[in-house]
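Engineer: For reference, the structure I am asking about is given below.
The values are calculated or read from the model by the stated rules, or taken from the named source; none is laboratory data. Treat the numbers as computed from the prediction; the structure is a model and nothing was measured. Cβ placement follows ideal geometry from the backbone for every residue including glycine, while neighbour counts extend to all protein chains displayed.
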Amino acid sequence: MSRTTFDELLGAGCHFGHLKRKWNPAMAPYIFMERNGIHILDLHKTVAKVDQAAEALKQIAKSGKRILFVATKKQAKDVIAEKATSVNMPYVIERWPGGMLTNFPTIRKAVKKMGTIDKMLSDGTYDKVSKREKLQIERKRAKLEKNLGSIADLTRLPSAIFVVDVMKEKIAVSEAKRLGIPVFAIVDTNSDPNDVDFVIPANDDATKSIEVIVGACCAAIAEGLEERKMEKIDMKDAGEEEEGEEPKAPRRTRTRARKSENTEAQAEETATEEPAAEAEVKEEAEEKEEA
């Protein structure tokens, strides 16, 4: 069953493209027709592409990997923040920090600064600084929180990124392509789909259009996370020992037992050899007396 329907996408205005004179010829396969100087997207293809992208995102989430959502345009900010938070995924809705993917260690250092400042607030160090320094620290903390607060728990590079408007987020797309990170994106008629691995042809300027498509993808991610959770529970249950079965001794205990057995065997051999040595000494003494 499809995650979206033709009527649902039509009602959200996903079929509206840009003016004909602004089109990108690479989007020709996804364009249905032109009306009043505006390109109309083929929603049948959009439905298929949404299903394809949603299934791929589901598998990524099921494997325990992270997906980074990127949308800095006004129409998409709130939608991306809400949907990404619902599935506990990182997102960027403010200015894209240049080098966030290609220079990830530096971004992590900036994120750690927030933790350092929070530690100052909790251990009393903050109270010892001057009023001017307090103001500077507060401003720095607010700026870091605004730009990087949503990726504070992203400790490693994401396994995929989901982009709204590849033209506006071209730096993010280029960084992901450079590192071989799969790109999922809502692509309008004025954009180039060649740099996108999973193209979703749709209107990327309408809030309703973005909400419908991102909602379908996040629902798939939620399914993947739930399946991963159930698999962990099943594996845990399968790993429990059956009743009545003797528990297997730990490896370290078994090694000690083997060492103990070897020591006892050596002691028995030594005990057997000692009487034989005494008998030989006794015989030599008797021979000397006879001589």
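Engineer: Against the definition (touching a strand residue (DSSP E or B) at 6+ places or on another chain (Cβ under 9 Å), under 19 Å from Ala84 (Cβ atoms) and not charged (D, E, K, R)), how does Ala216 come out, yes or no?
Structural biologist: Working: touching a strand residue (DSSP E or B) at 6+ places or on another chain (Cβ under 9 Å): no; under 19 Å from Ala84 (Cβ atoms): yes; not charged (D, E, K, R): yes.
No.
Engineer: If I ask for residues that are of a type in the set (Ser, Thr, Tyr) and in a strand (DSSP E or B), which ones from the stretch 172-186 would you list?
Structural biologist: Initial filter on the stretch 172-186 (of a type in the set (Ser, Thr, Tyr)): 174.
Within the stretch 172-186, no residue meets the criteria.
Engineer: Conditions: (1) out of contact with any Lys or Arg (no Cβ under 9 Å at 6 or more places or on another chain); (2) modelled with pLDDT under 95; (3) closer than 20 Å to Ile93 by Cβ. Ala185 meets all but one. Number of the miss?
Structural biologist: The single condition Ala185 does not satisfy is (2).
Engineer: Here are some residues: Glu94, Glu169. Which one is of a type in the set (Asp, Glu), surrounded by fewer than 16 Cβ atoms within 10 Å (Cβ to Cβ), in contact (Cβ under 8 Å) with a residue 40 or more places away in the chain and assigned by TED's automatic domain parsing to the domain that holds Val199? Please lay out each step first, then the result.
Structural biologist: Numbers: Glu169 fails: surrounded by fewer than 16 Cβ atoms within 10 Å (Cβ to Cβ).
Only one candidate passes the filter, namely Glu94.
Engineer: What is the one condition in (1) at pLDDT 95 or above; (2) over 31 Å from the mean Cα position of the chain (by Cα) that Phe69 does not satisfy?
Structural biologist: (2)
Engineer: For Lys62, only one of the following conditions fails: (1) under 32 Å from the mean Cα position of the chain (by Cα); (2) buried (at least 21 other Cβ atoms within 10 Å of the Cβ). What is its number?
Structural biologist: With (1) under 32 Å from the mean Cα position of the chain (by Cα); (2) buried (at least 21 other Cβ atoms within 10 Å of the Cβ) applied to Lys62, the lone miss is (2).
Engineer: Can you name the residue in the stretch 187-238 that is of a type in the set (A, V, I, L, M) and assigned to a loop (DSSP other than H, G, I, E, B) and is also farthest from the chain's Cα centre (by Cα) among such residues?
Structural biologist: In the first step, residues of the stretch 187-238 are kept if they are of a type in the set (A, V, I, L, M); the result is 187, 196, 199-200, 202, 206, 210, 212-214, 216, 219-222, 225, 230, 233, 235, 238.
If we keep only those that are assigned to a loop (DSSP other than H, G, I, E, B) as well, we get 196, 202, 206.
Values: Val196: 19, Ala202: 26, Ala206: 28 Å.
Going through the qualifying residues, I end up with Ala206.
Engineer: Let me ask something else about it. Restricting to the stretch 148-171, name every residue that is of a type outside the set (Val, Ile, Thr), over 16 Å from Ile67 (Cβ atoms) and part of a helix (DSSP H, G or I).
Structural biologist: Passing the criteria: Leu148, Gly149, Lys170.
Engineer: In this structure, does Ser150 turn out to be hydroxyl-bearing (Ser, Thr, Tyr), surrounded by 12 or more Cβ atoms within 10 Å (Cβ to Cβ) and either at pLDDT below 90 or in contact with a His (Cβ under 6 Å, 6 or more places away or on another chain) (or both)? So that I can check it myself, show each step before the final result.
Structural biologist: Working: hydroxyl-bearing (Ser, Thr, Tyr): yes; surrounded by 12 or more Cβ atoms within 10 Å (Cβ to Cβ): yes; either at pLDDT below 90 or in contact with a His (Cβ under 6 Å, 6 or more places away or on another chain) (or both): yes.
When the stated conditions are applied, Ser150 passes them.
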